[in-house]
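Worksheet: the structure to be examined is printed underneath.
Bear in mind that the values in this text are calculations on the coordinates, not laboratory data. Fair warning: this is a prediction, and the values are worked out from it, not measured in the lab. Please note: Cβ atoms are built from the backbone with ideal geometry, for glycine as well, and neighbour counts cover all protein chains shown.
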Amino acid sequence: MRKNNFFVLLIIFFYFLSIPVFAEEDSPNIETEESSSEMTSPPETNKETNFDFDLGINLGVDTFDPSSGSDSSETYQLISIKPEFKIGKFGIAFDLELHYRFTSNTDQIIEIREEDWVPTDSSDFLALYLPKISYISWGDKGDTLFARLGEIDSATLGTGFLVDSYTNTLFLPDEKVIGLVFDMDANFFNFPYLGLESMAGNIAHFDVTSLRLYGTPFKWSKVPTLKYLEFGFTTALDLDPDYREDYYITDNNSGAEASPVVIFGLDLVQPILNNRIISMAAFGDMAFQNSHMGGDIGLGGRILAIVPYMLKLRILGDNFVPSYFDYTYDLYRGQKYDIYNTSDGTVALEGGLGWVASTGICVFNDLLKFTITMDGPFKSIPEGSIEDNSYLEYPHLYSEFVVAEDLIPYLYFSASFDKKYITEIADIVSAENSIIDFSFNFITGAAVISLSYDMIYDDDGVDGVSWTDFNIDTSLNCSLKLF
């Protein structure tokens, strides 16, 4: 009965989206708050093909997780050379790092961190040497053709119902991972009806991969609502859920070998309004994970061009995990896989209705940005200890604050806060069960001095929250642009 009601709700929602009302005559490209796809792409101007070469040197200090036989973090000095080449839309850069430290050993005054360059039995050739490439790119995000090989800070496909803000940077500086983002709009071939967006989290291993195909089949129509109506199909995979299992916050599949995760879904995005006062787009999703099903409907846009908003109602079946590949996926693979892999009527995560709400403020052409997103189920907080329940049964918060370069002379910085297991209002500002990232950059002449902290909560078993409850990676660098 629950599944029948689920289908009825989505069918009714899609029906009303197809009615051409409320849309304005010149409705342009409108995105949901979480969407990264372009429903139409602006014509590209012919840029003059030119050659540009930059060379930088980076000096600093990095901390690494303890090596075998050690209980404390290890600190190394850093020197790296960063050559960068650009020819028109094409760019390539390298990051040739060397970590070292001085020792009291008279036979070896300087110790080189061999893990940066020397393969071990547990390391892979590509995983070790591909990160020496900082990036290879073509075009910019939003162009009709965009490709980038490098770190992925935040990847979202469609409305984010399956892939939402996925990152492969959680293990820096211990492990640098090279991923791939590739987007193409058929406007590149003067065919404005199809497009794709894709992501591979680690091209040296090919574990997390995803692809979304989307179309605007009524682009020829004079009816604004139909003209900008977008349909999408997304598939997202984890071909090796056991990969990096030593990092998991929870055990995976009780130690058994995991089979690949295969998720697919359909989505629909319908622009409704776009004027100086408000922009609005409606969207809906339906997805399948193993034998589990879920969906959502929602609205998103901006008010006065500076206040982003998004409201979403989730309709989830038992054992369905929304936004499966999210910002913290690489830490919670085990917990999510145990839910995904349930069968024979076992309920590891009870279904029902859920909610998502997001807002913030973005001014000065988004150079100053503060956003906050909360989500959770429409049910009471589970009883007992949080160790006995999944974090998906509790409200969750993600917030980001960015002051981009060029807004304030000489400095720019960013901070993010991801908080799970919220049981009461006071938990929102508690560091327990959180991930905190902070980066501060000071510009002076040709030099940029950067300080960053990455903190992942890992309870030490002692009452109260202190620094010992966090895995902390710190970095202090000075980058010099020589050419």
Please list, ordered by chain and number, the residues whose modelled amide H lies under 5 Å from the amide H of SER165; skip anything fewer than 5 residues away on the same chain. ALA155, THR156, LEU157
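Among ARG212, ARG333, which comes first, then next, by fewest other beta-carbon atoms within 10 Å? Before the final figure, lay out each step's value.
Details: ARG212 25, ARG333 30.
Neighbour counts put them in this order, fewest first: ARG212, ARG333.
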With x for Gly and Pro, the residue-by-residue ³J(HN,Hα) of the range 258-266, computed from phi through the Karplus equation 6.51 cos²θ - 1.76 cosθ + 1.60 at θ = phi - 60° and given in whole Hz, is 8, 8, x, 8, 10, 10, 8, x, 10
Can you work out ³J(HN,Hα) from phi for every residue in the range 427-439, in order, using Karplus 6.51 cos²θ - 1.76 cosθ + 1.60 and θ = phi - 60°, giving whole Hz and x for Gly and Pro? 5, 4, 9, 8, 7, 5, 6, 10, 10, 10, 10, 9, 9
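Less than 13 Å Cβ to Cβ from LEU367, Lys/Arg counted +1 and Asp/Glu -1: what total charge do the surrounding residues give? Display every interim value, and only then the final one.
Details: positive: LYS369; negative: ASP366, GLU405, ASP406.
After counting each charged neighbour, the total is -2.
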If amide hydrogens are placed 1.01 Å from N in the peptide plane, which non-local residues have theirs closer than 5 Å to the one on TRP355? ARG314, GLY376, PHE378
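Please give me the summed charge of the neighbours of GLY232: other residues whose Cβ is under 10 Å from its Cβ, Lys and Arg +1, Asp and Glu -1.
Values: positive: ARG212; negative: GLU197, GLU230, ASP267, ASP285.
Its environment carries a net charge of -3.
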Counting only residues 5 or more apart in sequence or on a different chain, those whose built amide H sits under 5 Å from that of LEU367 are none
